[in-house]
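Bear in mind that the values in this text are calculations on the coordinates, not laboratory data. The shown structure was predicted, so the numbers you read here are calculated from the model rather than taken from an experiment. A quick note on method: Cβ atoms are made from the backbone with ideal geometry, for glycine too, and the neighbour counts reach across all protein chains shown.
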Amino acid sequence: MQNIKLDFELLNLETADPFGISYGTSSETKNILVKLTHEDYYGLGEIAPVNYHGEDFYTALAVLEHFKSIQILGDNPLAISKIMDKMDNIISNHNSVKAGIEMALHDICGKILNKPTRSILGLSDRTCPITDFTIGLDTLEVIERKTHAAIKAGYKILKVKQGTSYDKDIIKRVRSVTKELPLRVDANGGWTVKEAIYMANFLSEHNVQFIEQPLPKNSSYENFKTVHEQSPLPIFADESICRASDVAKLGHVLDGVVVKLAKTGGILEALKVIHTARAFNLEIMIGCMIESSIGVTAAAQLASLVDYLDLDGALLLANDPYNGVEFINSHPSFKNLPGLGVLKKI
Ligand SMILES: [Mg+2]
């Protein structure tokens, strides 16, 4: 059998509006398209590196070049778990690169077996939650405009970014547009313990479902414990939880976790994170980075296993080059295609 061929190229994505979170604002994202070829089949994946997880476009390229030079993929695309172990043994972290390759392996396997990836995983016919839509950091005027636009577009749950000096004003401005829509709040690590407890009390009076990543990524167990004990709202961790071992470290002082393929290193480890989180009785949200429909559709394969979806990465784009999962009235709707079910737009 021939070895699986690994190719990759720049996937330049522009957001419809500048997208602001507590780490910074950008309108352009440099992701990487992964294309694997094996005999008559090809698979697509997407690498979405972010600097707050110690990666960027150039580190991702370097890791890819190395994996390519040692022909790490071998000749059997169905050996996904073994290939992932090999990558982990060669280099730790760099999970977005591993995720991009793994997505493409699942895509190619689905095409070989002529079944959608989620069916191969045993997840056919389960219902999925609806996705929220994110309002990024910006001026209060722009936040008000974006909130109006999101409601007009029919989104039923909004996720509001926080971690600024004017967080309360942001919430008040969003609430001046809509009193009813449930909100989720994501501080992206922007608060101290004291600020997190203060804000949790404020947010609990504004119909907020939960708070995501109130404390910085590497915050201690003790700090999460303090916030968890004193917050009237559920506390979810995103940046602090990459792999299943991280759930084991913080699981007792959280109410939920956010799973993203770019953090887990792919679908198989995402399943481990999900099952570990359930063992701790945690709720689970699946999220994504700024990604095209390739990355979002790969993550959506697991949507039926979780409580909440934050899969708006491609909805925020001005130029999504791919078709994949669609959100109809915020509900994920899959194409009945083998593999991930993504196609290049023509
Ligand atoms: Mg988050």
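Taking Cα atoms, how many degrees apart are the long axis of helix 167-177 and the longest axis of the chain, rounded to 10 and kept between 0 and 90? Roughly 90 degrees between the two axes.
Restricting the range 230-334 to trypsin sites (Lys or Arg not before Pro) that sit in a DSSP loop and have at most 10 other Cβ atoms within 10 Å of their own Cβ leaves nothing. Which of the pairs LYS172/LYS272; LYS168/LYS344; LYS86/LYS115; LYS159/LYS345 have their Cα atoms more than 32 Å apart in this structure? Too far apart for the 32 Å limit: LYS172/LYS272; LYS168/LYS344. Compared with the dominant principal axis of the Cα atoms in the chain, helix 193-203 is inclined by about 70°. Once each part is reduced to its C-alpha centroid, what is the distance from the range 164-218 to the range 12-85 in angstrom? Rounded to whole Å, the Cα centres lie 32 Å apart. Both radii come from the Cα set of the chain: Rg as radius of gyration, Rh as Kirkwood radius; their ratio Rg/Rh reads 0.96. Based on the Stokes-Einstein relation at 10 °C and a viscosity of 1.306 mPa s, and on the Kirkwood radius from alpha carbon pairs, the range 5-115 is assigned a translational diffusion coefficient of 108 µm²/s. Restricting the GluC sites (Glu not before Pro) of the range 1-52 to loop positions (DSSP other than H, G, I, E, B) with no more than 16 neighbouring Cβ atoms within 10 Å leaves GLU39.
For the range 90-105, putting each phi into the Karplus relation 6.51 cos²θ - 1.76 cosθ + 1.60 with θ = phi - 60° gives couplings of 7, 8, 7, 6, 6, 5, 5, 5, 4, 5, x, 5, 5, 4, 5, 5 Hz, in residue order, rounded to whole numbers and with x for Gly and Pro.
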